[in-house]
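Reading through the structure tokens given below for one structure.
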Amino acid sequence: MTQAPQFIDAGTGTRSAHAEQLLEMYRRMRRIRRFEERASELYKATEIPGFLHLSIGQEATAVGACWPLGERDGITSTHRGHGHVLAKGLDTASMMAELMGKEAGTNHGRGGSMHIADPRLGIYGANGIVGAGLPIAAGVATAAKLRAAGDVVVAFFGDGAVAQGMFHEAVNLAAVWDLPVVFLCENNHYSEFSPASEQHRAPLSARAAGYGIGYAHVDGNDVLAVAGMMTDVVERLREGGGPVLVEAETYRWHGHYEGDPERYRTPEEVAAAKERDPLIVARRHLAGAGVDSALVDAVDEEIDKEIEAAVQWARTLPEPAPETLYDFVSAPRTAVPEPAPASASASGEIFRSMDAVRLALEHELRTDPSVFVAGIDVGAGGNVFGLTRGLADAFPGRVRDTPISESAVIGTAVGAAMAGMRPVVEIMYMDFIGVCLDMLLNQAAKLRFMTGGRASLPLVVRTQFGAGRSSGSQHSQSLEALLAHIPGLTVVMPSNPADTYGLLRAAVRDPNPVIFVENRLQYGLKGPRPDADHLIPLGKAKVVREGTDVTLVSWSRMVHDCLAAAETLAGEGVSVEVIDLRTIAPLDRETVLDSLARTNRLVIAHEAVKDFGVGAELSALAVDEGFWHLDAPVTRVAPPPVPAPYAPSLERTWLPSRDTIAATVRRIAAV
């Protein structure tokens, strides 16, 4: 490891360029210290709402770690991230305004203290979820590796995050993919209220060895030591070295949060830690480098004025206007016209839904270099169903196998999307969404909003489901209602091969996070193959059979049962209009209401359990906005609130059939 740089010119004894660098390091540390001191005061005065977590005492780690980084290099941070983002170059004025919840804040008052980000400066977000920045950093590093521009990423985390599964998944993925990322642990010896000795049995050095990556330890209160060590580490990563785990030992002076009663440590312990104040250590280095103390005092005065000016400016600003509530939830979509029916395709070919998936991915990989595909066994194995077979050979490095680490897979997509890529990642079964829900619920869905639109999230998560083949309760679930309930996510469920192709291509091109749900029982379903440029608009349902007596709404595989039921009922004189939602969220309310206005009756059929489902949302829509059109009760056909059974006899009883659908529509039509 390199030695800390020396700052005395050997020939003249005068202050050298290195001394100027040390003075700048001190300036950056002082900026962090004063910013947080004022934030603490403002919080106590109720001028800063919400939660506030301060890193006072840890300034040397932030400044030293970011010292060798350029603007294109990335960082991810924690809920205690002010120091990291300031050290990376964010301005104090917009940050102070953000903490105060002002419209002119860094993120338009949408993120606050725990969620400050600016990807334009390589700042991919402080994060309120412990450990969540680590998989995101792996994604940013993946983008850097694919671009081969020599960029690196530093993922800050606290010692408490080591207990998170996301830590293991991210570090292991980075090791397997040989990513240019530094996992930097600010070990302040406390996981919230608990001492590190009660949280872990293995040291970080042993963990690094277990992952097969490099390890370095440094005095986190000595900015020279941190900067010197990180300069060496970053240089090796730029030259192609793999990930490194760095442990910087430091200490936070304040509690876990402002207002923390701190019953878990003594005042004497804190006082002893303050003897190693990073600013005092830096002043000693400056004195040793021949820098006059008056010059250092002038820096203090300069920073005091800067921070006070930021406070006074932020105080004058307005909060976000109420009419901006819906801003930044989703990125605007490019209008896509409804295409001609696939049967009108010039090719005249027939293909399967599984072919549609592969061909759509192949088309987007070929036409857009920012697209890459990743997931468990999607590369050499071609996916468990053979859907991506041949793509890894056709697009070397851009179709990537991952470990069985769903949180790392989704986190990688989030980070890579924020860094300008268009990742398409796979979760093998829809049931496994629960394993990585945080990365969808709190990261992919919310980061555009919480960053005030500064983060872009063009990513696709492909997954599949399907009951009816005795796959049991953990491999059969239709969880679209769970996902549709999360603002910021788009949820797509195609019902036929042509729609699968057109919707998947549209999803890859979309600027928002899209969950693309296929039904595995339809992979062999055949239909007309559309032209290569076939696109279907997201958020738009389609009337797939016109009728006058009853509106029947469904999606995915059950659309075909609805069409079969409608055909049966036509022979009985009942005219059924069938709507295929195609996109679950955002919901195409207009198409459903227009149909209801014509038929005056609504039945919804879906494979997910009935209670609290998408059918319930459609029912609420009908009795709210469509109430005056209704001539009969709104009715749902869906499985009861029981986990999907394994035994075929029970599964047949549980899952609705075309006969069940027909019987329900027949009853409603007769009302």
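Residues are listed down the side, and each one gets a yes or a no for (1) open to solvent by less than 10 Å² (accessible area, probe 1.4 Å); (2) over 30 Å from ASN383 (Cα atoms):
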{"position": "PRO494", "(1), (2)": "yes, no"}
{"position": "ALA507", "(1), (2)": "yes, no"}
{"position": "PHE516", "(1), (2)": "yes, no"}
{"position": "ARG520", "(1), (2)": "no, no"}
{"position": "HIS534", "(1), (2)": "no, no"}
{"position": "ALA566", "(1), (2)": "yes, yes"}
{"position": "LEU581", "(1), (2)": "yes, no"}
{"position": "PRO586", "(1), (2)": "no, no"}
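GLY74 meets each of the listed conditions (1) farther than 22 Å from ARG422 by Cβ; (2) at pLDDT 95 or above apart from (1). Does SER191 satisfy the condition of being under 20 Å from ASP260 (Cβ atoms), free of Cβ contacts under 8 Å to residues at least 60 places away in the same chain and surrounded by 16 or more Cβ atoms within 10 Å (Cβ to Cβ)? Yes; evaluated as a whole, the condition is true for this residue. Among the residues of the range 174-200, those identified as of a type outside the set (Gly, Ala, Ser) and part of a strand (DSSP E or B) are VAL181, VAL182, PHE183, LEU184, CYS185, GLU186, ASN187, TYR190, PRO195. The set of residues from the range 201-237 being in contact with an Asp or Glu (Cβ under 8 Å, 6 or more places away or on another chain) and either in a loop (DSSP other than H, G, I, E, B) or open to solvent by 20 Å² or more (accessible area, probe 1.4 Å) (or both) comprises SER205, TYR215, HIS217, ASP219, GLY220, ASN221, ALA225.
Which condition number does ASN442 fail, the rest of (1) outside any helix (DSSP H, G or I); (2) under 26 Å from ALA117 (Cβ atoms) being met? Here ASN442 meets the rest and fails (1). Scanning the range 264-287 for residues that are free of Cβ contacts under 8 Å to residues at least 24 places away in the same chain and loosely packed, with under 15 Cβ neighbours inside 10 Å gives THR266, PRO267, GLU268, GLU269, ALA271, ALA272, GLU275, ILE280, ARG284, ALA287.
Taking first residues from the range 310-332 that are on the phi > 0 side of the Ramachandran plot and modelled with pLDDT of 95 or more and partners that are open to solvent by 40 Å² or more (accessible area, probe 1.4 Å) and part of a helix (DSSP H, G or I), the Cβ contacts under 6 Å between residues at least 6 apart in sequence or on separate chains come to PHE328/ARG448; PHE328/PHE449. Looking only at residues of the range 238-263 that are among the aromatic types (Phe, Trp, Tyr) and touching a Gly at 6+ places or on another chain (Cβ under 9 Å), we find that the one that is surrounded by the most Cβ atoms within 10 Å (Cβ to Cβ) is TYR251.
A search for C-beta distances below 7 Å between a residue of the range 488-509 that is under 22 Å from GLY348 (Cα atoms) and assigned to a helix (DSSP H, G or I) and any residue that is open to solvent by less than 10 Å² (accessible area, probe 1.4 Å) and among the basic types (Lys, Arg), counting only pairs 6+ apart in sequence or on different chains, returns ASP499/ARG582; LEU503/ARG582. A single member of VAL574, VAL553 is open to solvent by 10 Å² or more (accessible area, probe 1.4 Å) and over 22 Å from THR388 (Cβ atoms), and it is VAL574.
Note on the range 509-531: residues that are in contact with a strand residue (DSSP E or B) (Cβ under 6 Å, 6 or more places away or on another chain) and over 23 Å from VAL336 (Cβ atoms) amount to 3.
The range 565-659 holds strands (runs of 3 or more DSSP E) entirely within its bounds, and those carrying 1 or more residues that are within 34 Å of the chain's Cα centre (by Cα), within 27 Å of LEU521 (Cα to Cα) and free of Cβ contacts under 8 Å to residues at least 40 places away in the same chain map to 576-580, 635-637. Screening GLY128, GLY105 for residues that are surrounded by fewer than 22 Cβ atoms within 10 Å (Cβ to Cβ) and assigned to a loop (DSSP other than H, G, I, E, B) leaves exactly one candidate, GLY128.
Condition check: closer than 17 Å to ASN519 by Cβ and open to solvent by less than 60 Å² (accessible area, probe 1.4 Å). Does ALA662 satisfy that? Considered against the rule, which asks whether it is closer than 17 Å to ASN519 by Cβ and open to solvent by less than 60 Å² (accessible area, probe 1.4 Å), ALA662 comes out as no.
The values are calculated or read from the model by the stated rules, or taken from the named source; none is laboratory data. None of these values were measured; they are calculated from a predicted model. No Cβ is skipped: glycine too gets one built from the backbone with ideal geometry, and neighbour counts run over all protein chains shown. Note: areas computed on protein heavy atoms with side chains; ligands, DNA, RNA excluded. Shrake-Rupley method; radii C 1.70, N 1.55, O 1.52, S 1.80 Å.
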